[in-house]
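Report on one structure; see the data block that follows.
None of the figures in this text is laboratory data; all of them are computed from the coordinates on show. What you are looking at is a predicted structure, and each value in this text was computed from that prediction instead of being measured. Neighbour counts run over all protein chains shown; Cβ positions are idealised from the backbone, glycine included.
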Amino acid sequence: MVDEYKIEDHDLVSRTIAMPADTNANGDIFGGWVLSQMDLGGAVLANKLSSTGRSVTVSVDSMSFINPIHVGDLVSCYAKLIKRGNTSMKIQIQIWTYNYISKTTTHVTHGVFTYVAINDEGKSAPLIP
């Protein structure tokens, strides 16, 4: 099967290694941890696009888990702006892993998150031009 999701047009926004403390009852990395990594990665791009350098997550519009993450995998988060408004932005986020033992790269999950730029008072603020 050819993966329709490609990372060539996405920015690498974060990397970490999956650790044993983040496993679920099956021994794979807990989905909530993956969601958190995606939100953090998306915020890197959202804050870059905010005129104030600040943003908040307002929704997770879609998310699909495709493959598990294993302890020791290198977890890479990629993000791409897919829609912008005056203060809000939709960002596609993908997680890919690299397994050091098998030397394989795997598309793990993808989703679309909406962020809003905010000012110091927590009110919406414009995006950079």
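Trypsin sites (Lys or Arg not before Pro), restricted to the range 82-118: which are DSSP loop and have at most 11 other Cβ atoms within 10 Å?
Sites meeting the loop and neighbour criteria: K103.
Below 30 Å Cα-Cα, how many Lys pairs turn up in the chain? Only count pairs eight or more apart in sequence, or on different chains, if you could.
Qualifying lysine pairs in the chain: 14.
Most fluctuating residue of S59, S50, S102 in a GNM of the chain with Cα springs under 10 Å: which is it?
S102
Using a Förster distance of 25 angstrom, determine the FRET efficiency expected from the C-beta separation of I128 and L74, and round it to 0.05.
Rounded to the nearest 0.05, the efficiency is 0.20.
Can you tell me the 0 to 90 degree angle between the C-alpha axis of helix 31-49 and the longest principal axis of the chain, rounded to 10?
Around 40 degrees separate the two axes.
How big is the range 11-117 along each principal axis, measuring the range of its Cα positions in Å and listing the largest first?
For the range 11-117, the Cα spread along each principal axis is 44, 25, 20 Å.
To make sure I understand, if each residue's beta carbon is the centre and we count other beta carbons within 10 Å, what order do L12, L45 fall in, fewest to most?
L12, L45
Hey, in the GNM for the chain with a 10 angstrom Cα cutoff, which one of G85, G31, G111 fluctuates hardest?
Taking springs between Cα atoms under 10 Å, the residue moving most is G85.
Write out the chymotrypsin sites (Phe, Trp or Tyr not before Pro) in the range 41-129 meeting two conditions: DSSP loop, and at most 15 other Cβ atoms within 10 Å of their Cβ.
Answer by residue number: Y100.
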